[in-house]
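Below is one structure; the comments refer to it alone.
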Amino acid sequence: MVVKLRLARFGVRHAPVYNIVVAHARTARDSRPLEVIGTYDPIPKPPADGIGRPVKDIQLDTARAKYWIGVGAQPTDTVWRLLAMFGLLEPKWPVARIQ
């Protein structure tokens, strides 16, 4: 059976929090996963010192992510983007920089 790296939604209405999970491809989004390898909070939080841009909280167990990618787990597009931020995968859609 195909194994995917994907997001499972938790939290309350208008304030989602996602777990980055490893699950079988045909299971429901919020069903019990094989493993939880990280969390993603998409709502930007202001920095602690109050200076700078708001940041989104992403926590990831990179060793387990590398393992699952190595054994053939297929990340969804959103998880691919998050893993590319950590340098584990090449970006699927590179951002064009205007000089």
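Mind listing whichever residues of region 60-78 are over 11 Å from the mean Cα position of the chain (by Cα) and in a strand (DSSP E or B)?
Residue satisfying the conditions is GLN74 alone.
Restricting to region 12-29, and then to whatever is assigned to a strand (DSSP E or B) and of a type in the set (A, V, I, L, M), can you tell me which residue is farthest from VAL79 (Cα to Cα)?
Ranking the candidates gives VAL12 first.
Could you tell me how many of the residues in region 60-78 are surrounded by 10 or more Cβ atoms within 10 Å (Cβ to Cβ) and either in contact (Cβ under 8 Å) with a residue 60 or more places away in the chain or touching a Gly at 6+ places or on another chain (Cβ under 7 Å) (or both)?
Final tally of qualifying residues: 10.
Those residues that are out of contact with any Phe, Trp or Tyr (no Cβ under 6 Å at 6 or more places or on another chain) and among the hydroxyl-bearing types (Ser, Thr, Tyr), I need them from region 10-45; list them, please.
THR27, SER31, THR39
Here is a yes/no grid of residues against (1) among the basic types (Lys, Arg); (2) surrounded by 14 or more Cβ atoms within 10 Å (Cβ to Cβ); (3) not in a strand (DSSP E or B):
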| position | (1), (2), (3) |
| --- | --- |
| MET1 | no, no, yes |
| SER31 | no, no, yes |
| PRO44 | no, no, no |
| PRO47 | no, no, yes |
| ILE58 | no, yes, no |
| TRP80 | no, yes, yes |
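Would a scan of region 51-58 turn up a residue that is closer than 23 Å to VAL2 by Cα and either modelled with pLDDT under 90 or out of contact with any Asp or Glu (no Cβ under 6 Å at 6 or more places or on another chain) (or both)? Can you show your working first?
Taking region 51-58 as the starting set, the residues that turn out to be closer than 23 Å to VAL2 by Cα are none.
No, because not a single residue in region 51-58 is closer than 23 Å to VAL2 by Cα and either modelled with pLDDT under 90 or out of contact with any Asp or Glu (no Cβ under 6 Å at 6 or more places or on another chain) (or both).
The values are calculated or read from the model by the stated rules, or taken from the named source; none is laboratory data. No experiment lies behind these values; they were computed from the predicted model shown. Every residue, glycine among them, receives a Cβ derived from its backbone with ideal geometry; neighbour counts consider all protein chains shown.
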